[in-house]
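The values are calculated or read from the model by the stated rules, or taken from the named source; none is laboratory data. Quick caveat: nothing in here was measured; it's all calculated off a predicted structure. Here the Cβ positions follow ideal geometry from the backbone for every residue, glycine too, while neighbour counts run over all protein chains shown. For the accessible areas, the whole protein counts, side chains as well, though only heavy atoms, and no ligand, DNA or RNA atoms are used. Shrake-Rupley method; radii C 1.70, N 1.55, O 1.52, S 1.80 Å.
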Amino acid sequence: MQPYELSLTEAADAIRTGRLSPVELVDSVLHRLEEVDPRLTAYVTVVADEARRAAREAADDVAAGRLRGPLHGVPMGLKDLIDVAGAPTTASSRVRESHRAREDSTVAARLSAAGAVLVGKTHTHEFAYGLTTPQTRNAWDTGRVAGGSSGGSAVAVAAGAATFALGTDTGGSIRVPAALNGVVGLKPTYGLVPRHGVTSLSWSLDHVGPLTRTVPDQALVLAALAGHDPRDPASLDVPARDYRPG
C-alpha cells in the first residue's frame, strides 16, 4: 500500500508512531495528484510548493514531540468556495478568476491550527449551483459524472489526491458526489460548523462538511471543525467534542 492510499485514521496513527513522515505522505499524495488529475480535473489550484514546505515543518514538529493531533501533517483539499488567505477563491467561475481571499475562513484556520496540510482548492459546480461539477470526471469511470457541487473534493479523496477534503452542502452537494465516488460525506447539523469565509449559495441552507474514506475519519475532521464562531450568526454555541464512538 502506498501512503496516498491510507485513510486519515491510518495515516494519523502512522505519523504518531513514527512509521510515516508527513513529508512522505504529502509527497505521495502530490505524486498521485500529478498522475491522475490531468484526466480527472479535481483541482482548480494546486499549491505543491507550499504543501511540501508545510509538510517539512510538520515533520520537524512531530520529531520534536509537538504533535498537534490526528490531522497534523495530513494533506487535504478544500472546495473552492472556502477562503484561504492569499489564495484564489474562484467558485469555479471565470468571473472570479482574479479574486484572492484576504483572510482564512474559520474552517481553514481551524484545520491549519490542527496541522493539516493544504494541497489545493477543488472544483465545484460554478458557484455550487448544480449537482454535476462538469469540469470534473468520476474517480472510477471518467465517462461518468462526478456529482456536485463538491465533486472535486469527492474525486480527490477517492483517487488518492487528498487524504481528506471539505465540501459544502445546500441540497445534496456533499452527499451526492460522495455517493457517486464511493467515499463518505457528511452534512453536519446546521450551525455546528461555522461558515464564515465560505462563499454562500443559500445562507439559511448552507453547510460545510468533510469528505473522507471512512466513517472514523469523519469524526477526526469534524472534531477539528466544529465549535461556535460569533461571525456566523447561525453558529451553535456548543463546544466541540470527540465524535468517535465510545
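A few comments on the model shown:
- When trypsin sites (Lys or Arg not before Pro) are flagged only if DSSP places them in a loop and at most 14 other Cβ atoms lie within 10 Å, the longest unflagged stretch of the chain comes out as 145-230.
- Fraction of beta bridges assigned by DSSP in the chain that are antiparallel (%, nearest 5): 60 percent
- FRET efficiency, 1/(1 + (r/R0)^6) with R0 41 Å, evaluated for residue 95 and residue 60 via beta carbons: 0.50
- Relative contact order computed over region 1-86 (Cα-Cα under 8 Å; 6+ residues apart), in percent: 40 percent
- Span-like helix ranges in the chain, DSSP H, alpha carbon extent 15 angstrom or more, Kyte mean at least 1.0: 215-225
- Relative to the current alpha-carbon distance between residue 85 and residue 214, full extension at 0.36 nm per residue lengthens the span by 43.5 nm.
- Answer label for percent of Cα pairs over 32 Å apart (calculated), chosen among (i) 11; (ii) 30; (iii) 23: (i)
- Among the chymotrypsin sites (Phe, Trp or Tyr not before Pro) in region 124-187, none is located in a DSSP loop while being surrounded by at most 11 other Cβ atoms within 10 Å of its own Cβ.
- Simple Cβ-charge dipole of the chain, Lys/Arg +1 and Asp/Glu -1, about Cα centre, in debye nearest 20: 220 debye
- Considered as an equivalent ellipsoid built on the Cα gyration tensor, region 112-246 has semi-axes of 24, 17, 12 Å, the largest given first.
- Sulfur and carbon atoms: percent of accessible area, the chain [1.4 Å]: 52 percent
- Potential lengthening between residue 237 and residue 190 on full extension [0.36 nm per residue; Cα-Cα distance subtracted]: 15.7 nm
- Whole-number accessible area per residue in Å² for the chain, which is evaluated in the context of all protein chains at 1.4 Å: 43 Å²
- Average Cα contact separation per residue, region 14-162, under 8 Å, 6 or more apart, as relative contact order %: 28 percent
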